[in-house]
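Data first, discussion second: the structure below is written as structure tokens.
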Amino acid sequence: MKPRQLFDKLADQVSALSTLGQAQETQGQIESSASIYRACIVLSVSALDAYMHEKAAEAFLIAIRQGASATNASIDSYLQIQSSLFNQTQLASSVRYRLSFKTLVTPQAIDKAIDASGSDARAVWRAIGEARGSRESRLRNMLDLQVDRRNQIAHEADWDPAQLAFRRISLDHVTDCTECITSVVHNLDACWI
């Protein structure tokens, strides 16, 4: 499956889950809707991670097949493999295996993958900024915020130890997250490779 197709399939799951959360909220099931909204945020960021793994694998395999020694050395260093030792079947499997140890959701992690592929991360983000008509730092900062919120949910159960309560969450949080992640994916898809 192509990286964008995978992302779209996962985004559809987030949308269906969000609809369920809205229905729960309408019925007065506030705790249930909050749990569903948290799941939406976790799945949205996971969808970005899945997309990036597939997009990076695609970019790396294209670059390796083109045979530019500097790019291949960069990929080999990034993945900690010697790509020249594998046949095409083993190479694709090995690239995906090595990528599976990486989390590719922060702007910095995305930059490293883009740079390793032989592209210039700054140029890719600049192209994204130009396409959006907005400084690329805004999208990068928004992404950092979404990943941070996902981390609060996934690693801290979204519990605020200072307030001794769960952090507030609503459909607006889900909408902000999904719009940001979708923008990142659509723009990376258009501006990288």
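The values are calculated or read from the model by the stated rules, or taken from the named source; none is laboratory data. All values derive from a computational prediction rather than experimental measurement. A quick note on method: Cβ atoms are made from the backbone with ideal geometry, for glycine too, and the neighbour counts reach across all protein chains shown. Heavy atoms of the whole protein, side chains included, go into the accessibility calculation; ligands, DNA and RNA do not. Shrake-Rupley method; radii C 1.70, N 1.55, O 1.52, S 1.80 Å.
General remarks:
- Karplus-derived 3J(HN,Hα) values for segment 45-62, using 6.51 cos²θ - 1.76 cosθ + 1.60 with θ = phi - 60°, are 5, 5, 5, 4, 4, 4, 4, 5, 4, 5, 5, 5, 4, 4, 5, 5, 5, 4 Hz; glycine and proline are entered as x.
- Contour excess over end-to-end distance, with Cα ends at Arg135 and Lys2 and 0.36 nm allotted per residue: 45.1 nm
- Using R0 = 30 Å, the C-beta based FRET efficiency linking Asp115 and Ser15 works out to 0.40.
- Dipole in debye (nearest 20) - segment 77-193, about Cα centre, beta carbon charges: Lys, Arg +1; Asp, Glu -1: 240 debye
- Average accessible surface for segment 93-136: 53 Å² per residue, computed with a 1.4 Å probe over protein heavy atoms with every protein chain in place.
- Peptides 44-54, 177-187, 159-169, 144-154 ordered by average Cβ neighbours within 10 Å, highest first: 44-54, 177-187, 144-154, 159-169
- Remark on Phe166: its backbone amide H falls under 5 Å from those of Asp160, a criterion applied only to residues 5 or more positions apart or on other chains, H modelled at 1.01 Å from N.
- Percentage relative contact order, the chain, counting C-alpha pairs under 8 Å, at least six apart: 28 percent
- Karplus-derived 3J(HN,Hα) values for segment 125-134, using 6.51 cos²θ - 1.76 cosθ + 1.60 with θ = phi - 60°, are 5, 4, 5, 5, x, 5, 5, 7, x, 8 Hz; glycine and proline are entered as x.
- Using a probe radius of 1.4 angstrom, the carbon and sulfur fraction of the accessible surface of segment 3-191 is 49%.
- Helix 136-156 and the long axis of the chain differ in direction by around 60°, with both axes built from C-alpha atoms.
- In sequence order, calculated HN-Hα J values of segment 173-189 (Karplus, 6.51, -1.76, 1.60; Hz; x Gly/Pro): 4, 5, 4, 4, 5, 5, 5, 5, 4, 4, 5, 4, 5, 4, 6, 4, 4
- Value of [θ]222 nm, deg cm²/dmol, for the chain, DSSP H segments ≥ 4, -39500 (n - 2.57) each, nearest 500: -26000 deg cm²/dmol
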